[in-house]
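Q: Have a look at this one before I ask anything.
The values are calculated or read from the model by the stated rules, or taken from the named source; none is laboratory data. If you're wondering where the values come from, they're calculated on a predicted model, not measured in any experiment. Cβ atoms come from the backbone with ideal geometry, glycine included; neighbour counts cover every protein chain shown.
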Amino acid sequence: MKWAALDPHGRLVHRTALPLDSSPTWVATLQEWGIPPESCWAIASVNSPVATLLEATLRRESAPSISWFRSAAEVPVRSTLANPSAAGADRALAVLAATALGAKQRPGLVISCGTAITVERISASHVWEGGAIAPGLGVSARALARGTAQLPLVIPRSAPRGWGEDTESALAAGVFWGMVGAVRELIRRQDEHGAESRWRLWTGGDADLLHPSIEEHRSANPIIPDLVLIGLALAAFGAVPEPLSS
């Protein structure tokens, strides 16, 4: 669960990642940040049990105003999706933030590297055209560990060699470079004129790991760590905060 706080000028002044099931940790963070009880909250979640627990915790702490974004249908972004109510709010918020951060008037992509890898298509007129969803690094590694008799859980934390001399290093090579290849192919398939015809913004916890192995022009296609939080601030409060540095 990722939290951020906005100051009166709409700037992100705090950011943290918290456990999904620890109400005491949430309350401690409220106290540490000095969040006043009358603060307004905006929450985007597709995890109903955790969202319910969070709401109950905030109500006990006298949070009077909570705005909810539970699906893409509740996010003010134009799209051609067949059923926005079935799409994740996080995907829509990332697209909303990307268009607000001065995206060029040409087609673009938002690449989010988290639990899942998502590649979102955005038209030159800032219409979200849908995207692709693939398993992330952690999900891929856990699937191998759960679905086999002897393979251990290996989640790469840095770019490995393309081969391994033991089981662990072979798993790291396969999971990491397999994901790099998958993302490259997803990017390539988004436009018949080639990937470089689209601007790209990256976000998500594994973006720092995957981005250098995929992007040749890193400064032109940057990582924005807080893209979903920026979209949430924009959707709920009309604020377009400057991204925090990673």
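Q: Residue by residue through the range 211-229, note down the ones that are touching a residue at least 60 places away in the same chain (Cβ under 8 Å) and among the acidic types (Asp, Glu).
A: Within the range 211-229, just Asp226 meets the criteria.
Q: Report the residue count in the range 219-228 for those that are at pLDDT below 90 and either in contact with a Pro (Cβ under 8 Å, 6 or more places away or on another chain) or closer than 19 Å to Leu18 by Cα (or both).
A: So the answer is 2.
Q: Do we find a residue being of a type outside the set (Phe, Trp, Tyr) and on the phi > 0 side of the Ramachandran plot anywhere in the range 192-202?
A: Of all residues in the range 192-202, those of a type outside the set (Phe, Trp, Tyr) come to 192-198, 200-201.
From what is left, the residues that are on the phi > 0 side of the Ramachandran plot are 194.
Scanning the range 192-202, I find at least one residue that is of a type outside the set (Phe, Trp, Tyr) and on the phi > 0 side of the Ramachandran plot, so the answer is yes.
This table checks each residue for (1) on the phi < 0 side of the Ramachandran plot; (2) of a type in the set (D, E, K, R); (3) at pLDDT 90 or above.
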residue	(1), (2), (3)
Val13	yes, no, no
Trp26	yes, no, yes
Trp68	yes, no, yes
Ala72	yes, no, yes
Val77	yes, no, yes
Arg91	yes, yes, yes
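Q: Here is a follow-up. With a cut-off of at least 1 residues that are out of contact with any strand residue (DSSP E or B) (no Cβ under 9 Å at 6 or more places or on another chain) and farther than 23 Å from Ala89 by Cβ, name the helices (runs of 4 or more DSSP H) lying wholly within the range 135-245.
A: Values: elements: 137-147, 167-188, 207-214, 227-237.
By residue number, 137-147, 167-188, 207-214.
Matching residues to (1) in contact with a Lys or Arg (Cβ under 7 Å, 6 or more places away or on another chain); (2) modelled with pLDDT of 95 or more:
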site: Gly131; (1), (2): yes, yes
site: Pro135; (1), (2): no, yes
site: Ala141; (1), (2): no, yes
site: Val154; (1), (2): no, yes
site: Gly178; (1), (2): no, yes
site: Ala207; (1), (2): no, yes
site: His217; (1), (2): no, no
site: Phe237; (1), (2): no, no
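Q: State which residue pairs qualify: first residue aromatic (Phe, Trp, Tyr) and crowded, with 16+ Cβ neighbours inside 10 Å and inside the range 46-73, second residue in a loop (DSSP other than H, G, I, E, B) and modelled with pLDDT of 85 or more in any location, beta carbons under 6 Å apart, and separation of 6 or more residues or different chains.
A: Phe69/Val75
Q: Free of Cβ contacts under 8 Å to residues at least 24 places away in the same chain, under 20 Å from Ala89 (Cβ atoms) and of a type outside the set (Asp, Glu) - does that describe any residue in the range 25-37?
A: Let us first name the residues in the range 25-37 that are free of Cβ contacts under 8 Å to residues at least 24 places away in the same chain, namely 25, 28, 31-32, 34, 36.
Imposing the further condition that a residue be under 20 Å from Ala89 (Cβ atoms) reduces the set to none.
No; the residues of the range 25-37 include none that is free of Cβ contacts under 8 Å to residues at least 24 places away in the same chain, under 20 Å from Ala89 (Cβ atoms) and of a type outside the set (Asp, Glu).
Q: Before we move on, is Glu120 in the same structural domain as Lys2 (by TED's automatic domain parsing) and not small (Gly, Ala, Ser)?
A: Values: in the same structural domain as Lys2 (by TED's automatic domain parsing): no; not small (Gly, Ala, Ser): yes.
Here the answer is no, as Glu120 does not meet what is asked.
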